[in-house]
1. Can you name the residue in region 404-450 that is touching a helix residue (DSSP H, G or I) at 6+ places or on another chain (Cβ under 7 Å), over 20 Å from LEU585 (Cβ atoms) and basic (Lys, Arg) and, of all such residues, is surrounded by the fewest Cβ atoms within 10 Å (Cβ to Cβ)?
2. If you go through region 659-680 one residue at a time, do you hit one that is in contact (Cβ under 8 Å) with a residue 40 or more places away in the chain and basic (Lys, Arg)?
3. Output the residues belonging to region 671-714 that are in contact with a helix residue (DSSP H, G or I) (Cβ under 8 Å, 6 or more places away or on another chain), among the charged types (D, E, K, R) and more than 28 Å from LYS476 (Cβ to Cβ).
4. Between a residue in region 488-515 that is closer than 16 Å to LEU465 by Cβ and any residue that is surrounded by 20 or more Cβ atoms within 10 Å (Cβ to Cβ) and β-branched (Val, Ile, Thr), which pairs come within a Cβ distance under 8 Å, given they are 6 or more apart or on different chains?
5. Can you tell me which of LYS533, LYS478 is in the same structural domain as GLN443 (by TED's automatic domain parsing) and over 23 Å from the mean Cα position of the chain (by Cα)?
6. Tell me whether region 112-130 contains one or more residues that are part of a helix (DSSP H, G or I), over 30 Å from ASP273 (Cα atoms), outside the structural domain of GLY361 (by TED's automatic domain parsing) and at pLDDT below 75.
7. In region 314-371, how many residues are in contact with a helix residue (DSSP H, G or I) (Cβ under 8 Å, 6 or more places away or on another chain), on the phi > 0 side of the Ramachandran plot and of a type in the set (Asp, Glu)?
Amino acid sequence: MDPVISATIQVTLEKLLAIPTEEFNLVWGFKQDLKNFKNSLRSIKAFFEVADRRQVTDGDVELWLKNLEDVAYHADNVLDEIKYENLRRKFQIQNQMKPKVCLYFSFYSPLAFRWKMAHKINNINVNLKKINEEVYPRGVERRFAGFAPARPQVRETDAITADPVFVGRENDESKFVEQITGKINEVFSVLPIVGMGGIGKTALARCIFNHPHTETHLNERIWVCVSENFDVLTILKTIRVSLKETSHGDSRQDVMDTLQKKLKDKRCLLVLDDFWNDRRGDWEDLKNALMGVNPNKGNVIIVTTRNESVASIVNPHNWYNLEKLSEDDCWSIIKAKAFEGGDVPEHFQTIGKAIAQQCRGSPLASNMMGAVLRGKKIEEWISIQEIGPSNIEGDQNSVKQVLKISFDRLPSSSLKECFAYCSIIPKDEVIRREWLIQLWMAQGFLTDNQGSDMETEGNKFFSILLQSSFLQEPEKDKYGNIECCKMHDLVHDLSCSVSKSKMFTIAKDHTRDDIPQVRHLTILEESASEITKEKASYVRTLVSKNSVPCKNFPDFKHLRTLVLCDAKIEDCPTSIGNLIHLRCLDVSYNYDITKLPGSICKLYNLQTFNIIDCSLKQLPEKIQDLTSLRHLYFCPKEDFPMPPHIRRLSCLQTLQFFNVGDKEGCQIEELGRLKNLRGKIVIRNLELVNNKEEAKKANLDGKTNIIELKFCWGDIDVFESNIHDESVLKGL
């Protein structure tokens, strides 16, 4: 099954089933409709869980899954529309208190909306019933009986297989050999080697294992490919087989007795290759067993793993991150494979080095490319360079297959969706942690519940991807918080590969017919053909690098994310207020925008709003109606007027600047209600705060997640007697 469609369905089903029915039926009377809807979802979820546990390649099932995904997305849109209408009614009722706008709402008809939504929910129920009927006549288990349980692909390793070409790791090898042959004061010294798939962990461990000094210094050398299923007794039995020992029994006690007799007076090297288990109790069980077998000092365990979380369990203080190879080393591998030690013709050198650069430090990619290039003419080398290593058809050991094992092992469907969505960020671009998490939030990949908020779950997911080497090269601020990172080109290619059914980038030469029906769309060229109304309605993410597609902009009615960063636009279209599902809006770095339409204040679901480096004179007056807003990015000048009553944005976490005003609703006490503020904030115009008591109303000591505060006073007369700077500071 398509891994991302599979993940999408799981995430969306769980999300829809978790919505409290009362949230809708108390207001709109959808009780029976929603009850039928949820019953259908539960039946489909049960079926889907069986399908997902097996390697289903049935074409009918793939089509069934695609149809189910469409219905699930449609249901998500409909329930989100009801949620939006509840919010809209709340603000209308508030505004009806004001005589000036009372007549405006006299035409509002909740009955018409009730009929419209009931009709949509009924259609969803009909479609769900049809999907159920397509499956259940054949039976769930019986239908999938012929398919094996789904398991991530693995390759078993050994200590003897010769690595094709081993270069660039000589320093790494000598460091390890020196360490394991030196004086060791522990019973078992554990040395983890960490790195992404294909970076050469196994090859390095094999060289250390077979090094003459290792063989001389350590009496026994044992290689265990742990890989998929971590079981202590199975590992102990594998060690016994490796030592060519037999036993009269297979109980744990029998195995331990045999190993103790064999190893009790020896120094051992044990390589645990391809280690995935991150359960601390299992590791402690294995380590204690090994220490019981051989309690002498000087034994060594080398663990190779893709996950830093695993490394931190087996050795919380120190592990070895295996770095990428240099481009010269990659070219050396390609030369050795392609020409088998012979001379390299000069006209192959330039193309070959360009191909080596594409391998991005991966020895696996370099070996694979060298094998593909062997015997090829220069024209074929040029063609292969244009294709790139991730698109070369290979066997089960190809780069993409090796990396995909890590993807298959991600612990949740939501995390798989988050990784796949990373393909929306261009290759080689620095990835800002907070921005990536906010993109995930906007698509509904993260849950918001009483236990933790979406940002907390997003940070957890970010850490897992970082520990799994999907994200690399983290950069931290001066407080030790990770601000940004990068994604290895080959990992980005994997992200694009698993998300290809959902992502598309429109370039200049694309026609309308070239554009598929996708959920996430990037427009690179202003002259790109317009997308059809039906396809636009399908899109949930729109990134446009060149202006707004104004002619059919309202057709993108189900957008969750709209990114118009540096799109060279002068005005934000009024029709943006019709995007009722929008969670993330980025119009930053459009220097010609001086005003935002008031319709933006109707985006009641908006969570993230980025207007950095626009030439705004002020924010829309009713921006306080955006009560779902969690992150507001803007960098105003000192005289920029804050909109009144910003306290109503009670979910706000990011507010980089606050300019104190002297009018009601603009004073420093507005900050007091914003209890969730975090990160950095600059508070300006503090000369307008009159005394300590007024300053205390900001309640800054209650905002424990703020890591940096900056206080600014504007132009003041130092001789004025009514300025109480020290008192105000104490109050703050």
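The values are calculated or read from the model by the stated rules, or taken from the named source; none is laboratory data. Only a predicted model underlies this, so the values are computations on that prediction, with no experimental measurement involved. Reconstructed Cβ throughout: ideal geometry from the backbone, glycine too, with neighbour counts over all protein chains shown.
1. Only one residue tops the list, namely LYS427.
2. no
3. Once the filter is applied, which keeps residues that are in contact with a helix residue (DSSP H, G or I) (Cβ under 8 Å, 6 or more places away or on another chain), among the charged types (D, E, K, R) and more than 28 Å from LYS476 (Cβ to Cβ), region 671-714 yields ARG673, LYS692, GLU693, GLU694, LYS696, LYS697.
4. LEU490/VAL399; VAL498/VAL4; SER499/VAL4
5. LYS478
6. No, there is no match, as no residue in region 112-130 is part of a helix (DSSP H, G or I), over 30 Å from ASP273 (Cα atoms), outside the structural domain of GLY361 (by TED's automatic domain parsing) and at pLDDT below 75.
7. So the answer is 0.
Listed here are the residues, each with its yes/no results for (1) modelled with pLDDT of 90 or more; (2) under 27 Å from HIS520 (Cα atoms); (3) not charged (D, E, K, R).
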site	(1), (2), (3)
GLY341	no, no, yes
HIS347	no, no, yes
MET368	no, no, yes
ILE387	no, yes, yes
GLN401	no, yes, yes
LYS427	no, yes, no
